[in-house]
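A short write-up of the structure that comes next.
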Amino acid sequence: MLLTEPIRTLPSLLLPLTGVLFLGGFSSGSFGWAAFGLVGSVLYAVVRWATFTYQVIGDRLELTRALIGRSVRTIPLERIRGVDVSSPPLHRLLGLAVLRIDTGAGGSKQEGELDGVTLVEAERLKAALLWHARARAARRAGARGTVAAHGDGPPGAAVTVPAGPFPGTPEPAGPSPAAAVPPVRHRTGETFPERVLFVVPRRWLAYGPLSGSYLLTPFAFVAGAAGLAFQWGSELRIDGRIVVGAGEWLWGHPLLLGGALVVLVLAMPVLGAAMYAVFNWDFTLRARDGYLVAERGLLTRRSVSLERRRVRGFELVEGLAERWAGVARAWAIVTGLGDSGTRGQLLSVIPRRAALDVVREAVGPILTGLRPHPPVARRRRLFRAVFPWLVAAACAAVAARSWPPLWWAVAAALVLAVLGVPLGLDRYRSLGHTHEGGRLSVRSGSLRRSQVVIEERAVVGWTLRQTWFQRRAGVLTVVAGVGAGSGGYAAIDVGEAQGVAFAAEVTPAWLAPFTEDAPPS
């Protein structure tokens, strides 16, 4: 920690230390103040290390910090939803890890963090905390005899869970309602059999740039370099006018500018694949003692645990290029999971057939035979994909009478309007919804097509929404409220009767009082 903590704070110290050196003219005094700042960061790391403790007491985890004022954070073990272990590059060299605890309190920040524990201690503590959280829930349900299984077996199975004390909890005084049931006797940190569900082959990392998010890596590097030049230019005695002048000079040489753009475009798939590989190297999905564990990363290795009994479904995502290549990505829909967009990822970009096989084993099969939406939904998709570009072309044509160079904008808008026709048709073909076997599914999107499959029991409410244009067209949007994932999943532009029937089919008792054919109460 005496090494990792100062290095982590070095970026925030770099700018003021550089300013001290320049303002002091690189004199011995300026170097002395800079050295004082570095020594101060090391001393700060020493104090943070010496004043931080953690311990499991009974049914809670306590994190204590006494830097200036004493701070004690208490996390009930039964509220722990997941424990993530990550190892940044420097931590990996030193055999350390960062352990983060998620309690589902909301937001993207985990509830507790242990930075600088050894890898062995991180894995031991992770197993102990997850075991304690699961044992506490099992102990509560044990008196009732059976609870829904949350092991590695298929969802929906049931097992008998014995009740009793678990490690770290004192024996209760007096008889227990479940005293006749044999107590659970596991040691904390005990390892359990695990099953590897899937390991992404390294050759499939080439599919990564198809998702589009990594393709702009070269342009991000150029923009970052320009931003650093403007931000640190005064400290490094680089006049901002020099940077602006270099850009104007490059703009005045179109051949060089075009060549630079060609190089950046050609570098997009290469650098995109490289960055994707850095974040998703050896992506492994395991089933371990009631949890789905996803591990990935080359420089920073990260392990995320998702409690299987809290998984309510999954989301299969396919971009336009991914659909053309036959690949897809998958996310788990989990209750009480913070930052589900990152932590809930089940699979990186892999062939769609393989993704469906893995998701079927880990969560459940995808629903097919989606019900089509009415033809008016197709007209709405076409209108929204074409009409805005026609308006832009008309406005550009009016402006081009005063400034002729704008005619190229008219041509570009018309081309985009023509391309909007197949886009609108594809958006309509992607629409669909269904309900089957205690689960429901909705699908929408074209450039990013998403199909969500969720369990019927996950629905906590419905929103039937109509804009003014939808009322005139006789369609509406039905949103299934879910206490997991993004919080709601929509069936877009379904017929009015079709949308109400869909919600009533999933939860008939909820909508019965509001339908016309409902019996009087």
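The values are calculated or read from the model by the stated rules, or taken from the named source; none is laboratory data. Here the structure is a predicted model, which means the values were calculated and not measured. FYI the Cβ positions are ideal-geometry reconstructions off the backbone, even for glycines, and counts take in every protein chain you see. Only protein heavy atoms, including side chains, enter the accessible area calculation; ligands, DNA and RNA are left aside. Shrake-Rupley method; radii C 1.70, N 1.55, O 1.52, S 1.80 Å.
Roughly how big is the range 256-336's charge dipole about its Cα centre, with Cβ charges of +1 (Lys, Arg) and -1 (Asp, Glu), in debye to the nearest 20?
Details: 11 positive and 7 negative charges, 72 e Å.
Here the range 256-336 has a charge dipole of around 340 debye.
With a 1.4 Å probe and all protein chains left in place, how much accessible area per residue does the range 281-382 have, in Å²?
Accessible surface, normalised per residue, equals 35 Å².
Taking the convex hull of the alpha carbon atoms in the range 429-479, what volume per residue do you get, in Å³?
So the per-residue Cα hull volume is 99 Å³.
What full-extension length gain, to one decimal in nm, is calculated for Arg73 and Val460 as 0.36 nm per residue of separation minus the Cα-Cα distance?
Values: separation 387, 0.36 × 387 = 139.32 nm, distance 3.15 nm.
Here the answer is 136.2 nm.
At q = 0.20 Å⁻¹, what is the base-10 log of I(q)/I(0) for the range 382-497 according to the Debye formula with one equal point scatterer per Cα and no solvent? Please give it to two decimals.
Each listed q maps to, in turn, -1.06.
Using 7 Å Cα-to-Cβ label points, what is the Ala411/Val265 separation (nm, one decimal)?
Here the modelled spin labels are 1.6 nm apart.
Going by average Cβ neighbours within 10 Å, how do the peptides 79-90, 276-287 rank, with the highest at the top? The partial results should precede the final answer.
On the way: 79-90: 20.6, 276-287: 18.8.
Packing order, densest peptide first, comes out as 79-90, 276-287.
Output wanted: per-residue J couplings in Hz (rounded whole) for the range 405-419, from phi through Karplus 6.51 cos²θ - 1.76 cosθ + 1.60, θ = phi - 60°, x for Gly and Pro.
Here the 3J(HN,Hα) series is x, 6, 5, 5, 5, 4, 4, 5, 5, 5, 4, 5, 5, 5, 5 Hz.
7 Å from Cα along Cα→Cβ at both Thr118 and Thr515: what's the point-to-point distance in nm?
For the pair Thr118/Thr515, the computed spacing is 6.3 nm.
Between Val196 and Leu216, what is the FRET efficiency for a Förster distance of 41 Å, r being their Cβ-Cβ separation, to the nearest 0.05?
Taking R0 as 41 Å, the efficiency between Val196 and Leu216 is 0.75.
Defining a contact as two alpha carbons under 8 Å apart and six or more residues distant in sequence, what relative contact order in percent does the range 419-520 show?
Once divided by the residue count of the range 419-520, the mean separation gives 19 percent.
Using Cα-Cα distances under 8 Å and only pairs 6 or more residues apart, what relative contact order does the range 274-359 have, in percent?
Computed over the range 274-359, the figure is 21 percent.
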